[in-house]
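Please read the structure below before turning to the comments.
Derivation of every value follows stated rules applied to the coordinates shown; laboratory data play no part. Just so you know, these numbers come straight off a predicted model, no measurement behind them. Cβ: placed from backbone, ideal geometry, glycine included. Neighbour counts: every protein chain shown.
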Amino acid sequence: MDIKQAIQSRHSVRQYMNMSIKASSIDAINQKIEEINKKTGLKICFDVENPDAFTGILARYGHFNCVRNLIVMAGPEGRDKEIGYYGEELVIFAQQLGLNTCWVALTYNRKKVKCELAPEDKIYVVISVGIGANQGTQHKSKPLNEISNISDECPEWFKNGVECASLAPTAMNQQKFYFEYKDNGVVSKCGRGHLTELDLGIAEYHFDVGSEKYVFEERLNFNGRQI
Ligand SMILES: Cc1cc2nc3c(=O)[nH]c(=O)nc-3n(C[C@H](O)[C@H](O)[C@H](O)COP(=O)(O)O)c2cc1C
C-alpha cells in the first residue's frame with residue numbers, strides 16, 4: 001500500500017484485537033521514530049505492551065478497547081505543528097504496515113505512560129496503535145471551499161493537496177485549518193481553539209502528500225516555527 005492509499009484507508013480505530021504487534025513492525029516504527037527525533041529534536045517514543053496506559057477513569061469514557069501500544073508524542077514546549085506533522089507521518093506509516101491507530105488527547109492514563117523525558121519536555125498527545133477489530137469509518141468533511149480558496153483556476157497540485165488535507169484526522173473532527181492558493185504557492189493557517197495548531201500540522205502532512213510538493217516540510221525549521 002502506498003502513502004496515498006494509506007491516507008484513503010485510514011480512519012480512527014478505538015477497538016483492537018487482543019494481540020501483539022509483529023516484532024518486525026515494532027522495529028520499523030522504532031526506526032522511523034529515531035529518524036524523526038534525530039531530525040527534529042522531538043522526544044517521541046513507542047510504548048509497547050503497556051495496557052495500563054488505557055485504564056482508569058478518563059480512559060473508561062473513551063470507548064477504547066484492548067489498547068496495548070501507544071506512540072507517545074513528546075518534546076519541548078511550542079512544537080505543536082511538528083508534533084502534528086510527524087505524528088501523522090507515523091500514523092500513515094503504521095497504516096502501511098497493516099496497523100490501525102487513533103490520536104488521543106484526553107482519554108488515556110498519563111501517569112501510566114512509559115517514556116523517558118527531560119524536565120523541559122512534555123507529552124502533547126498519544127497515538128494508540130494495534131491490529132484493529134474494525135477499520136473505522138470515514139469522517140464527515142467540510143466542503144473543500146470552507147477549508148481552502150479552491151477554484152477551477154487553481155493548479156492540480158493545490159487541488160490534490162486540499163483533497164488530501166480534507167481526509168486528515170483532527171481533534172473532535174473540528175477541521176479548523178485553511179489552505180490558501182496565493183502567488184503561485186500555498187499558505188496555511190488555523191482557527192482558534194484547543195489543539196488547532198497540532199491539527200494544522202497533521203493537515204499540512206496530508207497536503208504535502210497530496211500535492212507531492214512537500215512545501216510544508218521544507219518550511220519547518222525544527223524550532224516549532226515556520227520560515
Ligand atoms: C489531536 C487529536 C486528538 C484526538 N483526541 C481524541 C481523544 O481524546 N479521544 C478520541 O476518541 N478520539 C480522539 N481523536 C480522534 C478524532 O476524533 C478523529 O480523528 C476525528 O473524529 C476524525 O475521524 P477519523 O480520524 O476517523 O478521520 C483525536 C484526534 C486528533 C487529531
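Details
- Quarter the surface of the alpha carbon convex hull of region 3-130 and you get the mean projected area, 7.4 square nanometres.
- Amide N of region 71-97 lying under 16 Å from the label point, which is placed 7 angstrom from the Cα of Ala28 along Cα→Cβ: 89-97
- Each of His63, His11 was scored by other Cβ atoms within 10 Å of its Cβ. Listed from fewest to most, they are His63, His11.
- Summary value for the chain: 25 percent relative contact order, contacts being C-alpha pairs under 8 angstrom separated by 6+ residues.
- Nearest-ten-degree value, helix 156-165 long axis tilted from longest Cα axis of the chain: 30 degrees
- Put in order of Cβ neighbour count within 10 Å, fewest first, the listed residues Glu218, Glu82 become Glu218, Glu82.
- Close amide H contacts of Ala74 (hydrogens built in the peptide plane, cut-off under 5 Å, sequence separation of 5 or more or a different chain): Lys43, Ile44, Cys45, Tyr124.
- Choice from Ile202, Ile26, Ile131 with maximal GNM fluctuation in the chain (Cα, 10 Å cutoff): Ile26
- Net dipole in debye of region 144-218 [+1 Lys, Arg Cβ; -1 Asp, Glu Cβ; about Cα centre; nearest 20]: 300 debye
- Ranked list, fewest to most other Cβ atoms within 10 Å of each Cβ, for Arg192, Arg110, Arg14: Arg192, Arg110, Arg14
- Here the convex hull built on the C-alpha positions of the chain has a volume of 118 cubic angstrom per residue.
- Taking θ as phi - 60° and the Karplus parameters 6.51, -1.76 and 1.60, the scalar couplings of region 143-149 work out to x, 4, 7, 9, 10, 6, 9 Hz in sequence order, x denoting glycine and proline.
- Gaussian network model of the chain, Cα within-10 Å springs - most flexible of Asp183, Asp199, Asp52: Asp183
- Residue-wise HN-Hα coupling along region 107-112, computed from phi with Karplus coefficients 6.51, -1.76, 1.60 (Hz; x: Gly, Pro): 8, 9, 9, 4, 5, 9
- Checking every one of the GluC sites (Glu not before Pro) in region 149-192 against DSSP loop status and a limit of 11 other Cβ atoms within 10 Å picks out Glu153.
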